[in-house]
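> Structure incoming, see below.
The values are calculated or read from the model by the stated rules, or taken from the named source; none is laboratory data. As the structure is a prediction and not an experimental result, all values here were calculated from the model. Please note: Cβ atoms are built from the backbone with ideal geometry, for glycine as well, and neighbour counts cover all protein chains shown. The accessibility values were calculated without ligands, DNA or RNA, using every heavy atom of the protein model including side chains. Shrake-Rupley method; radii C 1.70, N 1.55, O 1.52, S 1.80 Å.
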Amino acid sequence: MPNVPNSLAARGAPDLGEMDLAEMEAALQQRSHPAFHARQIYSWIYAKGVTDFDQMTDLSRALRADLAQHLRIGSPKVVQRETSTDGTTKFLLELEDGRRIESVFIPDTPAQTFCVSTQVGCAMKCGFCLTGKMGLIRNLSAGEIAGQVRVLASELGLRTAKFNIVLMGMGEPLHNYDNTMKALRMLNDERGLAVSPRRVTLSTVGVLPALERLATEPLMPNLAISLHATTEDQRDALVPVNRKYGLQDILEAARKFPLKRRNRITFEYVLLRGVNDTPEDARRLVRLLGNIRCKVNLIPLNEAAGISFERPPDARIDKFAEILANAGLRVSVRKSRGRDIRAACGQLIVEGAQKSPAQRAAALL
Ligand code: SAH
């Protein structure tokens, strides 16, 4: 069933879950209510996790009744929750149009981390990523991106805890720039979850114009670039968008990227057996990254049916890491979390649930 065949949604009532504070103020004023109530409502939704107007007890009854009649607060709905033996928890969330996405909670890495999606599917089609196999179905709205954090924080009882957000779920955040940035502003608001941009990491294949725009953002997350290759040809084959925005251009943008003190760009590098895992690859990587303030996160491939690459043997991974470390690069090897529930990197895919309600209704006829 789609999430809200609710008459308010059907009638197109404005959704406060899609609004930042200024927009919420305007929505209230439009209904002739004082703007300051927006701050109370914002804090109910984000700080207290309350989306039922009736429970917003510091608002007058009359106001609550009016809001409930004319406005709504949409939230992604949890349809499934699976916990891995390592504590990683994968949430299957349903959106108002019936589309489904996945968000993942990764405990203690060392902080608590929410891995959030920015699109339904993905257009980038990286050769080793299952989400890419879905193709892009649609962008998530700002409310749907921020809503994942809101819902996970509530479900896990972590609303008042400090947590990190990684935009490493389904989708390419820089291919959905405006909604992603708006979501970060909504999450940053001090009346709500007050998530500092220092706790957010945006991971991207490097959509160049958007990357250059990101460099000018007042509210700037940490940056992770999915590099995965050391030559243009190799990257063209693994990360098709490289044919448009090449490796050298991405590295040039990274070199110019404004970094706060002590901050570094992360380069992610998926290790694929016999493809990009040789000592020569490692040495080329050292040369490419030589003059960039960065760290390298090696991600041994998470294998999956439908992916034609293999994970290198451990000795190969260690050797690769050692070459980088000996050359003075900071390097870490990503521990795979939640593999038993298919919640690890590149394993997020929603199958058989991607029909629109209309298509599903048609299928039932
Ligand atoms: N679109 C963004 C965020 C998505 S995924 C990006 O590409 O950066 C986060 C990381 O997981 C990316 O570096 C991605 O390349 C990597 N990844 C994808 N499939 C993987 C797989 N099967 N095994 C390991 N890592 C994978």
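> Mind checking which pairs have a first residue in region 82-99 that is within 21 Å of Glu144 (Cα to Cα) and open to solvent by 10 Å² or more (accessible area, probe 1.4 Å) and a second that is assigned to a loop (DSSP other than H, G, I, E, B) and modelled with pLDDT under 95, Cβ under 6 Å, 6 or more apart or different chains?
Lys90/Ala343; Glu96/Asn3; Glu96/Val4
> Which of the residues spanning region 317-338 are among the charged types (D, E, K, R) and surrounded by fewer than 18 Cβ atoms within 10 Å (Cβ to Cβ)?
Asp318, Lys319, Glu322, Arg330, Arg334, Lys335 - these are the residues of region 317-338 that are among the charged types (D, E, K, R) and surrounded by fewer than 18 Cβ atoms within 10 Å (Cβ to Cβ).
> Still on this structure, I have one more. So for region 243-265 (the condition being within 17 Å of Leu329 (Cα to Cα), of a type outside the set (A, V, I, L, M, F, W, C) and within 19 Å of the chain's Cα centre (by Cα)), does at least one residue qualify?
Taking every residue of region 243-265 in turn, none turns out to be within 17 Å of Leu329 (Cα to Cα), of a type outside the set (A, V, I, L, M, F, W, C) and within 19 Å of the chain's Cα centre (by Cα).
> Just one of the numbered conditions (1) within 16 Å of the ligand (Cβ to nearest atom); (2) open to solvent by 10 Å² or more (accessible area, probe 1.4 Å); (3) more than 30 Å from Thr216 (Cβ to Cβ); (4) of a type outside the set (Val, Ile, Thr) is not true of Asn297; which one?
It fails just one condition, (3).
> Does region 89-112 contain any residue that is touching a strand residue (DSSP E or B) at 6+ places or on another chain (Cβ under 7 Å), at positive phi and within 14 Å of the ligand (Cβ to nearest atom)?
no
> Residues of region 128-164 being in contact with an Asp or Glu (Cβ under 8 Å, 6 or more places away or on another chain) and open to solvent by less than 10 Å² (accessible area, probe 1.4 Å), which ones?
Within region 128-164, Ala142, Gly143 meet the criteria.
> If you don't mind, there's one more thing I want to ask. Taking helices (runs of 4 or more DSSP H) that fall entirely within region 161-252, which contain at least 1 residues that are within 13 Å of the ligand (Cβ to nearest atom) and not hydroxyl-bearing (Ser, Thr, Tyr)?
208-214, 232-238
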